[in-house]
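Structure record follows, encoded as structure tokens.
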Amino acid sequence: MNKKIKTPSESAAVLTNLVLPGETNMLNNLFGGELLARMDRISSIAAKRHSESYQVVTASVNHVSFNTPIPLGSIVKLEAKVTRAFSSSMEVYVDVWIDDPVTQKQTKSNNGIYTFVAVDEHNRPVPVPQIQPETEEEIERYNAALRRKQLSLILAGKMDPKDAHELKALFKD
């Protein structure tokens, strides 16, 4: 097992670009699929930085919210960080912002949670460094990641619900 410990900021990745006409729907907003592709790319960069591996694969898209449409011509900024590492998998959280160059204001429009697995040249999982969160937000996301993983394992039939102690704690008085 890899004993190295890293912080979420060591995996931080940022992607900034424009919404162009060929990337929009009939309402002149960024296609959801285009946003998903951008989120997947920036998440993979964060996962590669954390795992110190060129080979990471998307294991799942755990959550994506489309809260605010992103209009044609907008400057879009995506920020990704690894929020928690398990043995070979990593949860990556992506925040999406609309950046107004005139007011210098950023408006959060979307977010998503991806899971990546580091693999070797034979596509077998390899160990990744663990995470030591530093900020309050990083600690909150780190703790929530374990609950999300437990829920996913239960839904996949890979974990008995009675063994999901962190998840059960949410429902205790």
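The values are calculated or read from the model by the stated rules, or taken from the named source; none is laboratory data. All values reported here derive from a predicted model rather than from experimental measurement. Glycine gets a Cβ as well: all are built from the backbone with ideal geometry, and neighbour counts include every protein chain shown.
Search segment 95-104 for residues being of a type outside the set (Ser, Thr, Tyr) and part of a loop (DSSP other than H, G, I, E, B), and hand back the single one that is surrounded by the fewest Cβ atoms within 10 Å (Cβ to Cβ). Please lay out each step first, then the result.
Narrowing segment 95-104 to residues of a type outside the set (Ser, Thr, Tyr): 95-102, 104.
Filter once more, so that each one left must be part of a loop (DSSP other than H, G, I, E, B): 100-102, 104.
Details: Asp100: 12, Pro101: 8, Val102: 5, Gln104: 7.
So, considering only residues that are of a type outside the set (Ser, Thr, Tyr) and part of a loop (DSSP other than H, G, I, E, B), the one surrounded by the fewest Cβ atoms within 10 Å (Cβ to Cβ) is Val102.
Any residue at all in segment 141-152 that is part of a loop (DSSP other than H, G, I, E, B), over 24 Å from Glu34 (Cα atoms) and either of a type in the set (Gly, Ala, Ser) or in contact (Cβ under 8 Å) with a residue 60 or more places away in the chain (or both)?
Scanning segment 141-152 turns up no residue that is part of a loop (DSSP other than H, G, I, E, B), over 24 Å from Glu34 (Cα atoms) and either of a type in the set (Gly, Ala, Ser) or in contact (Cβ under 8 Å) with a residue 60 or more places away in the chain (or both).
Quick one: would you say Glu79 is out of contact with any Asp or Glu (no Cβ under 8 Å at 6 or more places or on another chain) and of a type in the set (D, E, K, R)? So Glu79 fails the test. Residues of segment 131-152 that are among the aliphatic types (A, V, I, L, M) and either modelled with pLDDT under 90 or within 13 Å of Val92 (Cα to Cα) (or both): Ile131, Ala144, Ala145, Leu146, Leu151. Considering only residues in segment 36-88 that are assigned to a loop (DSSP other than H, G, I, E, B) and of a type in the set (S, T, N, Q), the one that is modelled with the lowest pLDDT turns out to be Ser53. When Val61 is tested against (1) farther than 18 Å from Arg38 by Cα; (2) touching a strand residue (DSSP E or B) at 6+ places or on another chain (Cβ under 9 Å), just one condition goes unmet, and that condition is (1).
Every residue, every condition in (1) β-branched (Val, Ile, Thr); (2) surrounded by 21 or more Cβ atoms within 10 Å (Cβ to Cβ); (3) free of Cβ contacts under 8 Å to residues at least 40 places away in the same chain; (4) in a strand (DSSP E or B), yes or no:
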{"site": "Tyr93", "(1), (2), (3), (4)": "no, yes, no, yes"}
{"site": "Tyr114", "(1), (2), (3), (4)": "no, yes, no, yes"}
{"site": "Val117", "(1), (2), (3), (4)": "yes, yes, no, yes"}
{"site": "Pro127", "(1), (2), (3), (4)": "no, no, no, no"}
{"site": "Pro133", "(1), (2), (3), (4)": "no, no, no, no"}
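Just so you know, in segment 7-55 the residues that are crowded, with 19+ Cβ neighbours inside 10 Å and in contact with a His (Cβ under 9 Å, 6 or more places away or on another chain) include one that is nearest to Glu138 (Cα to Cα), and it is Pro8.
On the given criteria, is Ser109 hydroxyl-bearing (Ser, Thr, Tyr), under 29 Å from Asn25 (Cα atoms) and modelled with pLDDT of 90 or more? Against the criterion (hydroxyl-bearing (Ser, Thr, Tyr), under 29 Å from Asn25 (Cα atoms) and modelled with pLDDT of 90 or more), Ser109 qualifies.
Please find, among Thr103, Thr83, the residue that is over 16 Å from the mean Cα position of the chain (by Cα) and on the phi < 0 side of the Ramachandran plot.
Numbers: Thr83 fails: over 16 Å from the mean Cα position of the chain (by Cα).
That would be Thr103, the only listed residue that is over 16 Å from the mean Cα position of the chain (by Cα) and on the phi < 0 side of the Ramachandran plot.
The residue list Glu121, Glu138 contains one member that is more than 19 Å from the chain's Cα centre (by Cα) and in contact (Cβ under 8 Å) with a residue 60 or more places away in the chain, which is Glu121.
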